[in-house]
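S.K.: Got a structure here, written out as structure tokens. Questions coming.
The values are calculated or read from the model by the stated rules, or taken from the named source; none is laboratory data. As the structure is a prediction and not an experimental result, all values here were calculated from the model. Here the Cβ positions follow ideal geometry from the backbone for every residue, glycine too, while neighbour counts run over all protein chains shown.
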Amino acid sequence: MSFRAGFHAPIRHCHPMTTDRYNSREAEPRWRTVWDEQGIFATKNEDPRPKYYVLEMFPYPSGRIHMGHVRNYTMGDVVARYKRAMGFNVLHPMGWDAFGMPAENAAMAQKVHPKTWTYDNIAAMKKQLQSMGLSLDWAREFATCDPTYYKHQQKMFLDFLRAGLVERKQSKVNWDPVDQTVLANEQVIDGRGWRSGALVEQRDLTQWFFRISDYAQDLLDEIDRLERWPDKVRTMQRNWIGRSEGLLIRFALDPKTAPNAETELEIFTTRHDTLFGAKFMALSADHPLATAAARKNPALAAFIAECKKVGTAQEAIEKAEKLGFDTGIRAIHPFDPDWKLPVYVANFILMDYGTGAIFGCPAHDQRDLDFVNKYGLGNVPVVCPPGQDPKTFVITDVAFDGDGRMINSRFLDGMTIEEAKEEVAKRLEIEKRGNRPVGQRQVNFRLRDWGISRQRYWGCPIPVIHCEACGVVPVPDKDLPVTLPDDIDFDKSGNPLDRHPTWKNVPCPQCGKPARRETDTMDTFVDSSWYFARFTDPWRTDTPTDRAMVDAWLPVDQYIGGIEHAILHLLYSRFFTRAMMKTGHVGMKEPFAGLFTQGMVVHETYRKPNGEWVMPADVKIETVGDQRRAALAATGEPVEIGSIEKMSKSKKNTVDPDDIIESFGADTARWFMLSDSPPDRDVIWTEEGVQGAWRFVQRLWRLVGETADIGKAAPSAKPASFEPEALAVRKAAHKALARVSEDIEKLRFNRCVAHIYECANAMSAAIGAVDAPEKVTPDLAFAMKEAANILVQLFAPMMPHLAEECWAALGHKSLVSLQAWPKVEPDLLVEDTVTLPVQVNGKKRADITVARGAGNADIEAAVLTLDAVKKALDGKAPKKVIVVPHRIVNVVA
RNA sequence: GCGGACGUGGCGGAAUGGUAGACGCAAGGGACUUAAAAUCCCUUGGGAGCAAUCCCGUGUGGGUUCGAGUCCCACCGUCCGCACCA
């Protein structure tokens, strides 16, 4: 497949009213130079106009931009340019999410320093982004790996530490026993380390945590007020936070079976109503009771060791076959001292949630049911669905988790689930064992604290010093930033900071004795949790933010990025903003007032018969009838066309934005990324689609040229009246204007594109109707000139270079980028008559055209005289006639 | 496993519960041209009919409604996230 169509030599068009083809390669850089020289996209903080902050998620500097970036940044740019035209002082900045693993991988693979690699990539990607013609304020650019940025991050870490928002605790990491290093989940493939292939183990480390769970309730509550966020993201965040109201229950242990004379086992449950359906207890492999029992039981110890070989990824843990091991411990049912329950260690119980222990009621929980069916523990249903006979209701393979009435539950029988929960809670709250109630109501969250420690070099150093005498000592403000040492080596695995000969050895700031630096760096999600605040005053050196500036600009009015960030990045940023508020760095808690999540860019895949992936640029597609066939462009070797998938390096189905911009121009790429597909859905990159966009660029250029000729005959004053042809053009232009404005506000860019096509089609039709120059009446000339001005302004946010060129061709001396958005004439949107579809019993049988203000009774009478309606009624009187004004008429026979 | 979405012509899609298929792409036919490219015009969900017109049709099966692509229930299929990828 060739992307070189743009290289066709410019061809002189024969139409007398047109000029040369539009040459994007010449025009685009020329207009960018004009914008730069006039500095029209630099934003002044002291500008008095109302503010609008539009932000796209900043990129990781991988080296080249991809089509996903083109789509994301084009959408943001359309909003920025539109809001500027609407009179706002727009902040539209760009920076780099520059810390992360790929730089270290490059260092290992290519012997290039992460810093060099990163800054080289930034330079290359910046050039690419600039070729897109984005209206960015580059003066505010920074990278998160700049010490001038992470200095403030370290300061805030220490502020958070002093404010009690940070703590150290044990948590698990993926440990590669061969490479002796910590692995990211991404680096664990089927339970094995990606380089060594060794089976990964869970290992405990003491790590730093942000106490995001302190804010769980507030983060949940405030979701209700994020009205300009997609519902799906709000739902996902609610589920992620996972608030549940339940009961803590202390089960007594049978003393004869407790390994170290433990007396009880505390569990958390949300289904205390099902207590009489309990069949077993289950402990996490990390539960202290499990550890204690394993000391005397080698088989159990082996089972626990096996459980820890799954790695730390939630998905892997929950997908693994559900296994359990009977510890021999027996728990006593809280309502029946003679009822003993076996205590298992099970691989699907998480130590992080609740108390790391549960009671299992198999009839009403699928996981528990699978578990008892495997170990032959049986089940007793205790909730009976309505309409079921309790005597015959049995559970075999499918647990029942719906509503119903209690059965087989002694004093709970006949109650609803809610009543039973209440009764159980009441009784167990009153009952005391050792001065504490046996049951205690508790609200639990699934959300865990945010572990930010990373055993890696290329991240923001955690600014503390460990002293044997003084413990953890914050690095004094005057010593910030703690910068990364440049002299590091990646020859060995593990963290280069940890094995650096000198960097970590420092005197304790408190007692002066030899101490050592923290060698963990911060999760890169920390870097991206406040960059939006830094953009408001990135020049400030003494504090992370200027309160006057940050409070004036935040929240971000429109944030745009990938759906893959729906939970973590957005939730962490919401937490971080709260933490910054608590420590005085911002004056509000919600950073993003409006959020939009765009879909991915996907593409067909191509494979040689030997299974090797082939790049689209190397493939030539032929269409024979309905059949599409692919072959290698160079050799003609046939290639199989595969499924459409997310563009990825591994499947080689990527298209390089540079190639597209070079061949067709940035405007074509931008236009195509906005066309057709709804912005929140995936868009399929196709050669035909680019060609179509490119043809439309040329068509607009011709259309504006032709219209400019016609418009020369236009009177300077608006004519008093317009003939039907001219009126039709005016109506089309103003209708497009109204609709494009509305759809940009809602980020429905695909519909904007359709409206612009419709406007252009109407103008083309009007030009087509002019077969002689004398047919151009003054009113038509005026209408065409007006329509051309509107049309150019409508596509200016999407194709800004072409728009400038067209604006100049229309005779304007100013820049279209600086024009105010045109005003709709509302009269032109209203039609005098309305055509209503007429249905009989919901099926369309006719149309009827009535005056705009016609009354329902008149419409009803007119409808009943229609032949089609009479025929359908067959002489009978209608039962009912429904008239929906301006919409439809339905005759019910 | 848990959570979230999506499903409409040959394709991308449009449609405040109110004419299903706007707009674009592709395809077919025609005009222009020595020819090609480019451009312009016409046709294009399926079926019946000379035609007017009629029947069917929004993943599948039910339901609510005067009226369902849209709302409700169940199912099937596809995609995304799951805390150390960014």
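S.K.: Within segment A:319-360, restricting attention to residues that are of a type in the set (Asp, Glu) and within 15 Å of RNA strand B (Cβ to nearest atom), which residue is farthest from A:LEU289 (Cα to Cα)? Steps first, answer last, please.
M.R.: To start, the set of residues in segment A:319-360 that are of a type in the set (Asp, Glu) comprises A:321, A:326, A:336, A:338, A:352.
Subsequent filtering for residues that are within 15 Å of RNA strand B (Cβ to nearest atom) retains A:321, A:352.
Values: A:GLU321: 23, A:ASP352: 15 Å.
In this case the residue turns out to be A:GLU321.
S.K.: Would you mind telling me which numbered condition in (1) part of a helix (DSSP H, G or I); (2) touching a residue at least 12 places away in the same chain (Cβ under 8 Å); (3) within 16 Å of RNA strand B (Cβ to nearest atom) A:ARG845 fails?
M.R.: (1)
S.K.: Now for a separate question. Considering only segment A:862-869, I want to know if a residue exists there that is over 29 Å from A:LYS735 (Cα atoms), without any contact (Cβ under 8 Å) to a residue 60 or more places away in the chain, near RNA strand B (Cβ under 8 Å from one of its atoms) and assigned to a helix (DSSP H, G or I). It would help to see each step written out before you state the result.
M.R.: Step one: list which residues in segment A:862-869 are over 29 Å from A:LYS735 (Cα atoms), which gives A:862-869.
Filter once more, keeping what is without any contact (Cβ under 8 Å) to a residue 60 or more places away in the chain: A:862-869.
If we keep only those that are near RNA strand B (Cβ under 8 Å from one of its atoms) too, we end up with A:868.
In the following step, the residues that additionally are assigned to a helix (DSSP H, G or I) were identified as A:868.
For segment A:862-869, residues over 29 Å from A:LYS735 (Cα atoms), without any contact (Cβ under 8 Å) to a residue 60 or more places away in the chain, near RNA strand B (Cβ under 8 Å from one of its atoms) and assigned to a helix (DSSP H, G or I): present.
S.K.: Here are A:PHE160, A:PHE142: which of them is over 20 Å from A:THR519 (Cα atoms), surrounded by 16 or more Cβ atoms within 10 Å (Cβ to Cβ) and modelled with pLDDT of 95 or more? Even if it seems obvious, please write down each step before you answer.
M.R.: Values: A:PHE160 fails: over 20 Å from A:THR519 (Cα atoms).
Of A:PHE160, A:PHE142, the one residue that is over 20 Å from A:THR519 (Cα atoms), surrounded by 16 or more Cβ atoms within 10 Å (Cβ to Cβ) and modelled with pLDDT of 95 or more is A:PHE142.
S.K.: Testing A:TRP613 on (1) at pLDDT 90 or above; (2) touching a strand residue (DSSP E or B) at 6+ places or on another chain (Cβ under 8 Å); (3) of a type in the set (Phe, Trp, Tyr); (4) under 18 Å from A:TRP685 (Cα atoms), one condition comes back false. Which one is that?
M.R.: It fails just one condition, (1).
S.K.: Among A:ASP397, A:ASP389, which is in contact with a Leu (Cβ under 9 Å, 6 or more places away or on another chain), of a type in the set (Asp, Glu) and part of a loop (DSSP other than H, G, I, E, B)? Reasoning before the result, please.
M.R.: Numbers: A:ASP389 fails: in contact with a Leu (Cβ under 9 Å, 6 or more places away or on another chain).
Only one candidate qualifies: A:ASP397.
S.K.: Pick out the one residue from A:MET94, A:MET75, A:MET101 that is touching a Phe, Trp or Tyr at 6+ places or on another chain (Cβ under 7 Å), closer than 19 Å to A:GLY562 by Cβ and in contact (Cβ under 8 Å) with a residue 60 or more places away in the chain. Steps first, please.
M.R.: Numbers: A:MET94 fails: in contact (Cβ under 8 Å) with a residue 60 or more places away in the chain; A:MET101 fails: touching a Phe, Trp or Tyr at 6+ places or on another chain (Cβ under 7 Å).
Only one candidate passes the filter, namely A:MET75.
S.K.: Which of the following residues is charged (D, E, K, R), closer than 30 Å to A:PRO555 by Cβ and either surrounded by 19 or more Cβ atoms within 10 Å (Cβ to Cβ) or at pLDDT below 95 (or both): A:ASP218, A:ASP286, A:ASP273, A:ASP231?
M.R.: On the way: A:ASP218 fails: either surrounded by 19 or more Cβ atoms within 10 Å (Cβ to Cβ) or at pLDDT below 95 (or both); A:ASP286 fails: closer than 30 Å to A:PRO555 by Cβ; A:ASP273 fails: closer than 30 Å to A:PRO555 by Cβ.
Answer to the check: A:ASP231.
S.K.: Looking at the structure I just gave you, is A:ILE249 exposed (fewer than 15 other Cβ atoms within 10 Å of the Cβ) and not aromatic (Phe, Trp, Tyr)?
M.R.: Numbers: exposed (fewer than 15 other Cβ atoms within 10 Å of the Cβ): no; not aromatic (Phe, Trp, Tyr): yes.
Here the answer is no, as A:ILE249 does not meet what is asked.
S.K.: Right, another one. Condition first: within 11 Å of RNA strand B (Cβ to nearest atom), among the polar types (S, T, N, Q) and buried (at least 18 other Cβ atoms within 10 Å of the Cβ). Can you find one or more residues in segment A:644-653 that meet it?
M.R.: For segment A:644-653, residues within 11 Å of RNA strand B (Cβ to nearest atom), among the polar types (S, T, N, Q) and buried (at least 18 other Cβ atoms within 10 Å of the Cβ): absent.
S.K.: Applying the selection to segment A:294-315, what residues are within 15 Å of RNA strand B (Cβ to nearest atom) and surrounded by fewer than 16 Cβ atoms within 10 Å (Cβ to Cβ)?
M.R.: A:GLN314, A:GLU315
S.K.: What single numbered condition from (1) part of a loop (DSSP other than H, G, I, E, B); (2) farther than 30 Å from A:GLN170 by Cα fails to hold for A:LYS374?
M.R.: Failed condition: (1).
S.K.: Another question, then. For segment A:597-608, check the following and say yes or no: at least one residue is farther than 26 Å from A:MET57 by Cβ, surrounded by fewer than 19 Cβ atoms within 10 Å (Cβ to Cβ), basic (Lys, Arg) and more than 10 Å from RNA strand B (Cβ to nearest atom).
M.R.: Yes, that holds for at least one residue.
S.K.: Pull up segment A:661-689, narrow it to residues that are surrounded by fewer than 23 Cβ atoms within 10 Å (Cβ to Cβ) and more than 22 Å from the chain's Cα centre (by Cα), then point me to the one that is farthest from RNA strand B (Cβ to nearest atom).
M.R.: A:GLU662
S.K.: Then there is this: Assuming A:LYS44 fulfils every condition listed in (1) within 15 Å of A:GLY133 (Cα to Cα); (2) more than 15 Å from RNA strand B (Cβ to nearest atom); (3) surrounded by fewer than 24 Cβ atoms within 10 Å (Cβ to Cβ) apart from one, which condition is it?
M.R.: Every listed condition holds for A:LYS44 apart from (1).
S.K.: Let me ask something additional. Taking segment A:620-643 as the search range and keeping residues that are out of contact with any Asp or Glu (no Cβ under 6 Å at 6 or more places or on another chain) and charged (D, E, K, R), which one is surrounded by the fewest Cβ atoms within 10 Å (Cβ to Cβ)?
M.R.: This residue is A:ASP626.
S.K.: Now for a separate question. Taking the options A:ILE452, A:ILE417, A:ILE465, name whichever one is in contact with an Asp or Glu (Cβ under 6 Å, 6 or more places away or on another chain), among the hydrophobic types (A, V, I, L, M, F, W, C) and either within 16 Å of RNA strand B (Cβ to nearest atom) or under 30 Å from A:CYS145 (Cβ atoms) (or both). It would help to see each step written out before you state the result.
M.R.: Working: A:ILE417 fails: either within 16 Å of RNA strand B (Cβ to nearest atom) or under 30 Å from A:CYS145 (Cβ atoms) (or both); A:ILE465 fails: in contact with an Asp or Glu (Cβ under 6 Å, 6 or more places away or on another chain).
Matching residue, one of A:ILE452, A:ILE417, A:ILE465: A:ILE452.
S.K.: With a cut-off of at least 2 residues that are away from RNA strand B (no atom under 16 Å from the Cβ), name the strands (runs of 3 or more DSSP E) lying wholly within segment A:484-574. So that I can check it myself, show each step before the final result.
M.R.: On the way: elements: A:505-507, A:514-517, A:558-562.
Fully inside segment A:484-574 and qualifying: A:505-507, A:514-517.
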